Amino acid sequence: PEEDTTIYRKAFRDEYKAIVDDHYNSPSIIAWVPFNENWGAFDVRNITDWTKQYDPSRLVNGNSGFNNNPSYQKAYGDPGNGDFVDTHIYVGPKGASEPDSKRAASLGEFGGVGLFVRGHMWPVENNAYAYEPTIEALTDRYIFLMDNVEQLLRYKGLSVAIYTQTTDVEHEVNGLLTYDRKIQKMDLERIKAVNQAVIKAGNELN
């Protein structure tokens, strides 16, 4: 794209380094992700290596969702380095990446199942990758997806699975909570139970 210039690349590197410097001791940050779904991606392999060398205390996911590269993005794809083989699959989770000899398999995004809640959405046309009509149905769908995640964890070597997303946002209604955070769109006790079951299954593999 026109905005991909030497000036912007330098700005990215400078600002990215500043972010790493500012958050070197933030305990909630377990991994650096310089690029997501090829957006603005350049020199991905080099930047992934630089990140790992600059902050060896954390994991690095060089290009999360490298399999996503529509025509408006540069198809950099899998950088082949870092700590993860990371794909985004909607609705998923079937088709998630598998580990290689040096990297863990990560499903960086999956899910995206929506539920409309009148009076609690951002006032635009909203969307999701799939829809359910009720809280009960959406909860059932989530549990079904997590049951599939457990299968991938047990038998395909999956290490990471991130459901999108915690809350609705502008244009998207696939959150566990509505945009205004006032309505729970799933039965959170059932969600907690299946999440804990999947975590337990993972712990049993170690």
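The values are calculated or read from the model by the stated rules, or taken from the named source; none is laboratory data. Computed from a predicted structure; not experimentally measured. Using ideal geometry, Cβ is built from the backbone for each residue, glycine included, and neighbour counts are taken over all protein chains shown.
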Applying the selection to the range 98-110, what residues are surrounded by fewer than 22 Cβ atoms within 10 Å (Cβ to Cβ) and among the aliphatic types (A, V, I, L, M)? ALA104, ALA105
Restricting the search to the range 20-53, which residues are surrounded by 10 or more Cβ atoms within 10 Å (Cβ to Cβ) and farther than 25 Å from ASN67 by Cβ? VAL20, ASP21, HIS23, TYR24
Scanning the range 48-68 for residues that are assigned to a loop (DSSP other than H, G, I, E, B) and polar (S, T, N, Q), the one nearest to GLY80 (Cα to Cα) turns out to be ASN61
Could you look through the range 181-191, keep only residues that are touching a residue at least 24 places away in the same chain (Cβ under 8 Å) and among the basic types (Lys, Arg), and pick out the one that is surrounded by the most Cβ atoms within 10 Å (Cβ to Cβ)? LYS185
Could you say which residue among VAL113, VAL160, VAL149, VAL194 is surrounded by 14 or more Cβ atoms within 10 Å (Cβ to Cβ) and farther than 23 Å from ASN67 by Cα? VAL194
For the range 170-180, check the following and say yes or no: at least one residue is in the same structural domain as SER101 (by TED's automatic domain parsing) and either part of a helix (DSSP H, G or I) or without any contact (Cβ under 8 Å) to a residue 12 or more places away in the chain (or both). yes
On the basis of being at pLDDT 95 or above, within 21 Å of the chain's Cα centre (by Cα) and closer than 21 Å to ILE162 by Cβ, does VAL60 make the cut? yes
Looking only at the range 26-47, decide whether some residue is of a type outside the set (Val, Ile, Thr), part of a helix (DSSP H, G or I) and free of Cβ contacts under 8 Å to residues at least 60 places away in the same chain. yes
Of the conditions (1) under 27 Å from GLY175 (Cβ atoms); (2) outside the structural domain of VAL173 (by TED's automatic domain parsing); (3) surrounded by fewer than 17 Cβ atoms within 10 Å (Cβ to Cβ), GLY95 clears all except one; give me its number. (2)
